[in-house]
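This report refers to the structure that appears directly beneath it.
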Amino acid sequence: MTANATVKRLLPFAFASLVAVVVFAGSASGRAQSVQFIAGASRVVQGNDMTIIIAVTPSGGRCSLAVRYKSGAKQRGLPSVSSVGGHATWTWKVPRLVQPGLAHLTASCAGSGRARRTLMVIGQVIPPKIDVVQTGWSVRNYPYGGSGVSWGVILANKSKTQDAMDLKILVNFVMADNRLIGSATARISDISADTQHATGGELTFPGGAPISRLEVVVEIGKSGPATHTKPGLSAIRVLPSPVEPGWCGSVEGEVQNDHPTRTINEVELSTVVFDAAGNILGGGNGIGVATLPPAARMFLKINSGMRPIPYAKAASAMVSVVPTYKFIP
């Protein structure tokens with residue numbers, strides 16, 4: 001009984017003491033004190049500017065801002081400023097290579113206190129950039145007049161996070177005096193992130209084709225998330241024309257649907273042909289239409305662009321494939 005009575009007597013005393021402390025802390029200066037974040041975006045992309053505004057009571061004190069990113073790195077170059085008119089402002093550029101994620105901000109003002117908030121740093125989406133890796137061509141003078149040119153190009157998507165989509169390819173045929181003798185176009189639906197893509201075709205000239213070099217212009221229609229699954233290719237080979245065995249007739253092989261669940265409706269095919277030294281002799285393109293469920297395969301054959309390529313020089317080929325999958329409602 002004595003113990004319980006002692007607790008009951010102590011509780012009112014403890015509460016009274018706590019109230020006294022709070023009142024004393026709030027009335028030490030006789031003025032309200034506060035720091036509040038009042039403006040500033042809740043998220044920012046790497047490499048962009050960020051502005052923060054705080055409200056300070058009382059005004060006139062020196063204020064500082066500390067920014068700590070997800071990796072633990074701290075923002076440099078944030079000055080100490082005086083609050084003017086009850087406000088303090090900082091603007092800085094978020095580092096382009098800082099780790100994305102939640103950053104922590106702390107604003108501190110002498111005589112007013114401090115406030116904390118968070119800021120989400122968004123990873124910058126690097127747009128696809130297409131490099132021309134290699135070009136090449138072959139010219140064939142036809143016995144009935146005119147000439148045919150088979151051309152081939154290898155393109156590289158340098159982005160590691162974004163596919164390049166709906167590409168338009170312009171290939172100019174340039175003579176030694178830097179004038180154009182012809183132009184060809186091609187379209188590519190998709191070049192996957194961090195991959196190379198072969199394409200090619202054929203252009204016919206009424207006379208000779210004194211080509212000195214190829215000039216390639218690439219226009220990207222849009223970008224999309226990186227593609228991680230592509231159809232497999234195997235048994236790729238170059239075969240002679242059955243009617244003109246001295247010239248190439250086709251690039252053949254097999255396409256396998258490596259996607260675990262989706263069915264392919266058709267594939268966009270393109271190729272370049274190499275000589276033994278790895279030089280491009282030309283290229284072509286085509287389409288394969290078939291219903292190809294997961295783990296199934298089909299035969300591929302590209303005829304377009306092969307006629308001007310001398311078969312005796314053809315050593316190997318690179319084939320690129322872009323699938324169109326069956327729509328799932």
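The values are calculated or read from the model by the stated rules, or taken from the named source; none is laboratory data. Everything numeric in this text was worked out from a predicted model, so none of it was measured. Cβ atoms come from the backbone with ideal geometry, glycine included; neighbour counts cover every protein chain shown. Side chains are part of the model used for accessible areas, which takes the heavy atoms of the whole protein and leaves out ligands, DNA and RNA. Shrake-Rupley method; radii C 1.70, N 1.55, O 1.52, S 1.80 Å.
Points to keep in mind about this one:
- Using C-alpha pairs under 8 Å with a sequence gap of at least 6, the mean separation divided by the residue count of the stretch 121-251 gives a relative contact order of 26 percent.
- Debye, to nearest 20: dipole size of the chain, +1 on Lys, Arg Cβ, -1 on Asp, Glu Cβ: 2120
- Shape of the stretch 28-178, Cα gyration tensor, a/c cut at 1.5: prolate
- From most to least packed by mean Cβ count within 10 Å, the peptides 143-153, 38-48 give 143-153, 38-48.
- Note that the stretch 43-187 presents 51 Å² accessible area per residue, ligands and nucleic acids not counted, probe 1.4 Å.
- Nonlocal amide H pairs with SER183, under 5 Å, H built at 1.01 Å: PHE173
- Per-selection Rg to Rh, the stretch 268-329 - Cα, Kirkwood hydrodynamic radius: 1.09
- Directionally averaged shadow of the stretch 189-329, computed from the convex hull of its alpha-carbon atoms, nm²: 10.7
- Cα principal axis extents for the stretch 96-251, largest first, Å: 94, 42, 19
- By accessible area, using a 1.4 Å probe on protein heavy atoms only, the chain has 57% of its surface on carbon and sulfur.
- The orientation-averaged projection of the convex hull spanning the C-alpha atoms of the chain amounts to 32.3 square nanometres.
- Over 20 Å apart at the Cα level, from the set LYS70/LYS222; LYS168/LYS222; LYS93/LYS160; LYS158/LYS230; LYS160/LYS230, are LYS70/LYS222; LYS93/LYS160.
- Angle between the chain longest axis and helix 2-26 axis [Cα atoms, degrees, rounded to 10]: 70
- Mean shadow area of the stretch 150-208, taken as a quarter of the surface of its Cα convex hull (nm²): 4.7
- Two-decimal Rg/Rh across the stretch 53-122, once Rg and the Kirkwood Rh are taken from alpha-carbon atoms: 1.00
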